[in-house]
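*Asks:* If you scroll down you'll find the structure; I have some questions about it.
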Amino acid sequence: MSKAIELIPLGGVGEFGMNCMAMRYGDEMIIVDAGMGFPEEDVYGVDVCVPDFNFLDEYRDDITALILTHGHEDHIGALPYFLKKINVPVYTSHFTAGLAESKLDEHDLLASVLIHRVEPRQTIEIGAFKIEFIRTSHSLIDCFSLAITTPVGVIIHTGDYKVDETPVIGEPIDLRTLRRYGQEGVLALLSDSTNASVPGRTPSERAVIPAFEEIFAEAEGRIFVAAFASSIHRLQIVFDVAQQFDRKVCVIGRSMIKNVEIADRLGYLDVHDNMMVSLGEARQMADEDIAFLVTGSQGEPRAALAQLSTQSYKGMSIEEGDTVILSARIIPGNERAISRLIGDIYKRGGNIIDEKRRLIHVSGHASQEDIRIMTEAVRPKFVVPIHGEYRMLYRHKEFVKNHLDFPEKNILMIENGDVLELDGERASIIAKRDVGRVFIDETGFEEIDR
């Protein structure tokens, strides 16, 4: 048996989205995350793309588990397509499991998939791999970094993270456990690169509260808040501020309704009795008494906000005097769609507030000083920048080399399909595998030939 571990990214390394990493030791393999991405705008009739899991056919009998770090679509969006091909047990947090089960139910897979819910600091053993789930902070709740102990050393996979010591919901990042691994010795740190070019610390999720309070105090008409449906911290803030200013909240958009229901049922959201109203009830209320949580922050044409802005959503549309808060960043590739959305809202007389005008959005990803804190806590032998376009990976490398005095030869730049071999002392790319993508029409869950 080879005394080395192989890391093979199927997606998310050198691109934005589709995060998926294979880890192989001997004849055993685990997969970390199975995410989707957004295709280029010129791919007609395509909603999303996922990694081409045909690459894994030769390892079918070796794959023992799928580990999910958190519930964002770029980490779990390809879950049904992976499990249709290779049905293995899934290990993840309670909230991520709730999102995963909803997704699998839509694909009629729920009854045939085994999902294990794990707790922070819980350790599981899967063959040659021992995995500890470490609580981390992100724009979503119930997220994990992973400490993966292998026969050749410990690998820390950060997942998506920032060092948020005052999250809205739940406990802060568990730096203590990460430091413990650093003291004991870490072979490699696979680390989020999304904000590697951003100086300083990423603000806490609580940083947006003052701006929301100001907007709610100023608005005389209806308020529409468009956010990522998975940003449960942000949704809690909207509920809290709405209550503070005596507004009820109406949730519209399929994914927003689903995620609020899951988070409320599992006890992550704290929504006071009679705080939520139906669309029918909202229509009967005075404009100054209602706020809407809506999908569509990325300009998706079928989402609630786009329909409100171009025609009507179940008989309702944006009107003169409405305030629309775009509480989300722009995902690369969605700029044109969002620009059209903003134009449509202005045409209808709506007032738009985005992150350029007020602090109504903060990132969930590590900026440079967060990267410093993580790297100094873990003290790895090798740093492997992951999660981001190549320019982000490169800026990650430059930061740890120039500001943390990390040896350049121990910063490993990889891309999708590279086979990175680690034997405990040395690391090198030993092969390049052909890993592609599959285009999906999500209206019918159909794969598209292209």
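All of the numbers you see were taken from the coordinates with simple rules; none came from a lab. These numbers come from a predicted model, not from an experiment. Because the Cβ atoms are built from the backbone with ideal geometry, glycine has one as well, and the counts that use them run over all protein chains shown.
*Asks:* Around Asp354, what is the net charge, scoring Lys/Arg as +1 and Asp/Glu as -1 over all other residues with Cβ under 13 Å from its Cβ?
*Replies:* Here the charged neighbours net out to +2.
*Asks:* Who wins for biggest fluctuation among Gly333, Gly417, Gly350 in a Gaussian network model of the chain, springs between alpha carbons below 10 Å?
*Replies:* So, out of Gly333, Gly417, Gly350, the one fluctuating most is Gly333.
*Asks:* Moving on. To one decimal place, what orientation-averaged projected area in nm² is obtained for the convex hull of the Cα set of the range 239-325?
*Replies:* Taking the Cα atoms of the range 239-325, their convex hull projects to 5.9 nm² on average.
*Asks:* Report, by chain and number, residues whose modeled amide H sits under 5 Å from the one on Cys250, excluding near sequence neighbours (fewer than 5 apart, same chain).
*Replies:* Residues meeting the amide H criterion: Val277, Ala291, Phe292, Leu293.
*Asks:* Where a ≥ b ≥ c are the square roots of the eigenvalues of the C-alpha gyration tensor, would you call the range 1-117 rounded, which needs a/c under 1.5, or, failing that, prolate if a/b is larger than b/c, or oblate?
*Replies:* oblate
*Asks:* One quarter of the convex hull surface, Cα atoms only: what value does that give for the range 381-444 in nm²?
*Replies:* With the hull built on Cα positions only, its mean projection is 6.1 nm².
*Asks:* Among Tyr313, Tyr91, which comes first, second and so on when ranked by fewest other beta-carbon atoms within 10 Å?
*Replies:* Going from sparsest to densest Cβ surroundings: Tyr313, Tyr91.
*Asks:* Could you please rank Glu119, Glu6, placing first whichever residue has the fewest other Cβ atoms within 10 Å of its Cβ?
*Replies:* Going from least to most buried by this count: Glu119, Glu6.
*Asks:* Classify the range 205-353 as rounded, prolate or oblate, taking a ≥ b ≥ c as the square roots of the eigenvalues of its Cα gyration tensor: rounded when a/c is under 1.5, otherwise prolate if a/b is larger than b/c and oblate if not.
*Replies:* The shape class here is rounded.
*Asks:* Lys3: net charge of surrounding residues, Cβ under 15 Å, Lys/Arg +1, Asp/Glu -1, itself excluded?
*Replies:* -4
*Asks:* Per the helix-only calculation at 222 nm, which mean residue ellipticity applies to the chain, given -39500 (n - 2.57) for every DSSP H run of n ≥ 4 and division by its residues, nearest 500 deg cm²/dmol?
*Replies:* The helix-only estimate for the chain comes to -7500 deg cm²/dmol at 222 nm.
*Asks:* Taking the beta-carbon count within 10 Å as an exposure proxy, list Ser278, Ser145 from fewest neighbours to most.
*Replies:* Ascending Cβ contact count within 10 Å gives the list Ser278, Ser145.
*Asks:* Grab every C-alpha pair in the range 170-210, bin the distances at 10 angstrom width from 0 up to the longest one, and report whole percents.
*Replies:* 19, 37, 37, 6, 0
*Asks:* Right, something else. Can you list the equivalent-ellipsoid semi-axes of the chain, largest first and in whole Å, using the square root of 5 times each Cα gyration tensor eigenvalue?
*Replies:* Output for the chain: semi-axes of 38, 23, 20 Å.
*Asks:* How many nm is it between the label spots at Asp289 and Asn402, if each spot is 7 Å from the Cα in line with the beta carbon?
*Replies:* My value for the distance between the label points is 5.8 nm.
*Asks:* Still on this structure, I have one more. In whole Hz, what ³J(HN,Hα) sequence does the range 72-79 give by Karplus (6.51, -1.76, 1.60; θ = phi - 60°), x for Gly and Pro?
*Replies:* Ordered by residue, 3J(HN,Hα) equals 6, 4, 6, 10, 10, x, 8, 3 Hz.
*Asks:* Under 15 Å from the Cβ of Ser137, count the other residues' Cβ atoms, weight Lys and Arg +1, Asp and Glu -1, and hand me the total.
*Replies:* -4
*Asks:* Okay, next question. Rounded, prolate or oblate: which fits the range 75-208, taking a ≥ b ≥ c as square roots of the Cα gyration tensor eigenvalues, rounded meaning a/c under 1.5, else prolate when a/b beats b/c?
*Replies:* Because a/c hits 1.5 or more and a/b fails to exceed b/c, the range 75-208 counts as oblate.
*Asks:* Using a simple charge model, +1 on the beta-carbon of Lys and Arg, -1 on the beta-carbon of Asp and Glu, nothing else, what dipole does the chain show about its Cα centre, in debye to the nearest 20?
*Replies:* It works out to roughly 800 debye.
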